Amino acid sequence: MSKEVRLCSPTERECVLCGRKDAWDSEICNWEIAIENGEKKTGEKFCMHEWDITGTHKSIIEIV
Ligand SMILES: [Zn+2]
């Protein structure tokens, strides 16, 4: 179950709920909305955004 350890932090993240994509902008040290095919991947405005990155692999918390 070992995962490949990356030296760099992720430069992209995607919301598993709405498809929102962000790209890391190292110049401003913040996430910017990714643009694909000239379209901003903003996703759902009111989505809570569950990012598909596991920098620190947390166990999934089950909401009952
Ligand atoms: Zn989302």
> Between residues in region 37-49 that are at positive phi and residues that are within 14 Å of the ligand (Cβ to nearest atom) and of a type in the set (Gly, Ala, Ser), which pairs lie under 6 Å by C-beta distance while being six or more apart or on different chains?
Replying inline: Gly43/Gly19
>> When the residues of region 20-34 are narrowed to those that are more than 9 Å from the chain's Cα centre (by Cα) and not in a strand (DSSP E or B), which ends up modelled with the lowest pLDDT?
In response: Ser26
> Do we have Ile60 as among the hydrophobic types (A, V, I, L, M, F, W, C), at pLDDT below 90 and open to solvent by less than 80 Å² (accessible area, probe 1.4 Å) here?
Replying inline: no
> Among (1) modelled with pLDDT of 90 or more; (2) surrounded by 10 or more Cβ atoms within 10 Å (Cβ to Cβ), which single condition is Asn37 missing?
Replying inline: (2)
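The values are calculated or read from the model by the stated rules, or taken from the named source; none is laboratory data. Here the structure is a predicted model, which is why all the values come from computation and not from measurement. Every residue, glycine among them, receives a Cβ derived from its backbone with ideal geometry; neighbour counts consider all protein chains shown. These area figures cover heavy atoms from the full protein model, side chains too; ligands, DNA and RNA do not enter into them. Shrake-Rupley method; radii C 1.70, N 1.55, O 1.52, S 1.80 Å.
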